[in-house]
Amino acid sequence: MKIIVIGGVAGGASAAARIRRLDANAEIIILEKGSHVSFSNCSLPYYLGGLIEESQSLILMNPDKFYRQHRIDARVNSEAIRIDSEHRIVYIKETISGKEYTESYDKLILSPGASPAMPKSIPGIQKSHVFSVRNVEDICHLKEAVHRENVQNITVVGSGFVGLEIAENLQKIGKHVTLVESAPQILKPFDYDIVQVLHKELYDHGIQLCLNSTVTAIEEGYVRIRHQEEDLTIKSDIVVMAIGVIPETQLAKETGLELGKTGAIKVNTCYQTSDPHIYAVGDAIEIYHKLKNQEARLNLAGPAQKQARIAADHIYGRTHLEKGYIGSSCIQLFTQNAACTGLNERDAKEAGYHCDSVLVIPPDKVSIMPNSHYLMLKLVFEIHTGKLLGAQAVGKGAADKRIDVIASMITMDGTVDDLKELELCYSPIFGTARDVVNQAALTASNILEGRVHQIHVEEVRNLVENHACIIDVREKEEYASGHLKGAVNIPLSSLRDRMDEIPRDVPVYLHCRTSQRSYYAICHLAQHGYHNIWNISGSFLGISLFEYFNDKILNREPIVTNYNFH
């Protein structure tokens, strides 16, 4: 068996290594048009900031090591320029010498990846001070450029995971960073309410955040942007484009392979293309999204490695039942950790789900522990069935751990009831006896069963401006340190003696700091004949975080007297 793998890194290198484990006698050739066949793509921004000191540390496997350990012929600077699928021949060009030659194959695996989007419609995008980041050479060139003596102002265009990591690492080495994003928020997989924590984190660390902004031109020393209806000029010595990636499908199209609805390579459940002798994995392919029940694209290393294993297995007669992907990601942004899985609330509604969400902000570990911090977790679920659809978490603690738990439950078609009963390990230094994920599920269960009615943080401004009856059940000193305008302070400790101050003929909206004490208050009031009572999801902490950055970027009148985040 002779197998050629086009492209290395997570997909191609993993496929080649798996094939060798299955077949000691196969002839395996990897063709990589870049200089490195296997490197840590996701670690590239951390070389920029110095967390990874040497660029060689980014390289996981070189051709010599591939051959010595696995007898795999890994050829770098070797580009597959054409595939003759009828005769099973690959035409190859050595990118340095220009030499061309051919190799035959029995099976072929495509793992060409994706290229950074560089819209030619932006004037100046081809200038020498404009960079993108795809491989080790790219990050080395960028690092060399940012350390030049006259470089201080850097614009990063795009606020996905890569754009944010680059912006953070540039700020850490003392550069003045402007982050330009066309959407009204960073990190599209997160919902607008929970991502405000990260907006504040960027603001607090001095990164200039330009949302609802598009680049109109790149000039020497400047970037011109369109912010809403206003044209602005940003001083910029270097520009880093990180607006997304485009799947590398040109070779596949020229070979006559079928593309899917998303424009990526169409594959079956075992990652065969429309040619049964050719497989495809990684960023260039179209995957099945389990929750959307449709084709999608997913640019993540973990799924690419899974696909590589399945493709290699199928070559040797091992079949695979497609379960689909849900998309799980995480990021550390300065002091905050953020993670998400499945669908956010916006995407769930667009996918046709009748859904709701809860926002809880309990401590990530027992509160008397010195490193205990609030962890904000949003859980998205289907109304009536309680099916788990997605979750997002942000905080200084283990956000990824909580999202991994929920991702597992979603993969197993879990519900809110399953999640609230889930038994998790406990120690005061790791978590609480009722973990954050259990707390979110219990809150969602109350909503589903109609025991509690809630409103979300984005609805609070309308309540305040329309003089709704809002009761703050925090203690007096908490209220004094910051509160909603117009809110009446009736502490939970005084509620039983002051119930006659709460009207019965209008809707009453309660909040505390994180919605727990206000829930206790609602339980008590409900047992004393109050029916039109609502808990504000996320309560004062959630409202403050949501309003804080919006007030700054929208230049609007605050509804909170003081933003107390501690």
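The values are calculated or read from the model by the stated rules, or taken from the named source; none is laboratory data. Everything numeric in this text was worked out from a predicted model, so none of it was measured. All Cβ positions, glycine included, derive from the backbone under ideal geometry; neighbour counts span all protein chains shown. Surface accessibility is based on the protein's heavy atoms, side chains included, excluding ligands, DNA and RNA. Shrake-Rupley method; radii C 1.70, N 1.55, O 1.52, S 1.80 Å.
Computed log10 I(q)/I(0) for the stretch 15-174 at 0.12, 0.14, 0.15, 0.17 Å⁻¹: -0.68, -0.87, -0.95, -1.10, from the Debye equation with unit scatterers placed on every C-alpha and solvent omitted.
Each Cα pair under 8 Å and six or more residues apart adds its sequence gap; the mean of these over the residue count of the chain is a relative contact order of 10 percent. Taking the Cα centroid of the stretch 413-482 and of the stretch 343-358, what is the distance between the two, rounded to the nearest whole Å? Distance between centres, Cα-based: 18 Å.
Principal axis analysis of the Cα atoms in the stretch 152-301 yields extents of 52, 36, 33 Å, listed in decreasing size. Seen against the Cα atoms of the chain and their longest principal axis, helix 516-526 is set at about 50 degrees. Look at the dipole of the chain built from charges on Cβ: of PRO119, GLY431, LEU484, the Cα furthest out on the positive end belongs to GLY431.
For the chain, list log₁₀ I(q)/I(0) at each q in 0.09, 0.11 Å⁻¹, using the Debye formula over Cα point scatterers of equal strength and ignoring solvent, two decimals each. These q points yield log10 I(q)/I(0) values of -0.78, -1.08. Could you calculate the FRET efficiency of ALA183 with ARG71 from 1/(1 + (r/R0)^6), where r is the beta carbon distance between them and R0 is 35 Å, rounded to 0.05? The value I calculate is 0.15. In the chain, the longest principal axis of the Cα atoms and the axis of helix 399-411 are about 80 degrees apart. Ranked from largest, the principal axis spans of the Cα set of the stretch 380-511 equal 47, 36, 27 Å. By the equivalent-ellipsoid construction on the alpha carbon gyration tensor, the stretch 268-348 comes out with semi-axes of 28, 15, 10 Å, ordered largest to smallest.
On a per residue basis, the chain carries 45 Å² of accessible surface, using protein heavy atoms and a 1.4 Å probe.
Which of the three applies to the stretch 486-566, rounded, prolate or oblate, going by the alpha-carbon gyration tensor with a ≥ b ≥ c and a/c under 1.5 meaning rounded? Prolate, since a/c reaches 1.5 and a/b exceeds b/c.
Treating only the Cβ of Lys, Arg, Asp and Glu as charged (+1, +1, -1, -1), what charge dipole size does the stretch 420-462 show about its Cα centre? Round to the nearest 20 debye.
Working: 4 positive and 6 negative charges, 23 e Å.
Roughly 100 debye, rounded to the nearest 20.
What does the charge count around ASP364 come to, taking other residues whose C-beta lies under 11 Å from its C-beta (Lys +1, Arg +1, Asp -1, Glu -1)?
Values: positive: LYS365, LYS396, LYS401, ARG402; negative: ASP435.
That sum, taken over residues with Cβ under 11 Å, equals +3.
Farthest toward the positive end of the dipole of the chain, out of MET409, GLN305, HIS70, is the Cα of HIS70, where the dipole comes from beta carbon charges about the Cα centre. Would you work out which of PRO45, SER35, TYR91 lies farthest towards the positive end of the dipole of the stretch 1-91, given +1 charges on the beta-carbon of Lys and Arg and -1 on that of Asp and Glu, about the Cα centre? Towards the positive end, the residue furthest out is TYR91.
When you count, for each residue, the other Cβ atoms within 10 Å and take the mean per peptide, how do 27-36, 46-55, 371-380 rank with the highest first?
371-380, 27-36, 46-55
Take the convex hull of the alpha carbons in the stretch 227-308; its mean projected area over all directions comes to 8.8 nm². The alpha carbons of the stretch 1-70 occupy a box of 44, 20, 17 Å along the principal axes, longest dimension given first. Shape class for the stretch 276-417, computed from the alpha carbon gyration tensor (a ≥ b ≥ c): prolate, with a/c not under 1.5 and a/b above b/c.
With the simple model of a label 7 Å out from the Cα in the direction of the Cβ, LYS485 to GLU149 spans 5.3 nm.
Multiplying the sequence separation of THR319 and ARG434 by 0.36 nm and subtracting their Cα-Cα distance, what value in nm do you get? Contour length minus Cα-Cα distance gives 37.3 nm.
For the stretch 245-289, the normalised intensity computed at q = 0.18, 0.22, 0.23, 0.30 Å⁻¹ comes to -0.42, -0.64, -0.70, -1.21 (log10 of I(q)/I(0), Debye sum over alpha carbons, equal scatterers, no solvent). Per atom type, the chain shows carbon and sulfur on 49% of its accessible surface, probed at 1.4 Å. Extension gain for ASP413 to GLU53 (0.36 nm times residue separation, less C-alpha to C-alpha distance): 125.3 nm. Here the extension length gained between LYS2 and HIS467 equals 160.0 nm, from 0.36 nm per residue of separation less the Cα-Cα distance.
Could you work out the pair-distance distribution P(r) of the stretch 413-455 from its alpha-carbon pairs, with 10 angstrom bin width and percents rounded to whole numbers? Whole-percent P(r) values from 0 Å outward: 29, 45, 22, 4.
Compared with the dominant Cα axis of the chain, that is its longest principal axis, helix 539-554 is turned about 60°. When both the stretch 257-327 and the stretch 182-231 are represented by their alpha-carbon centers, they are found 33 Å apart. Starting from the Cα of ARG346, move 7 Å in the Cα-to-Cβ direction to define the label point; list residues of the stretch 200-231 whose amide nitrogen is under 16 Å from there. Hits in the stretch 200-231 for ARG346 at 16 Å: 200, 210-214, 228.
Diagonalising the gyration tensor over the Cα atoms of the stretch 374-434 and scaling each eigenvalue by 5 before taking the square root yields semi-axes of 21, 13, 10 Å, largest first.
When ARG461, ARG21 are compared by accessible area of protein heavy atoms, the largest-first order is ARG21, ARG461, using a 1.4 Å probe.
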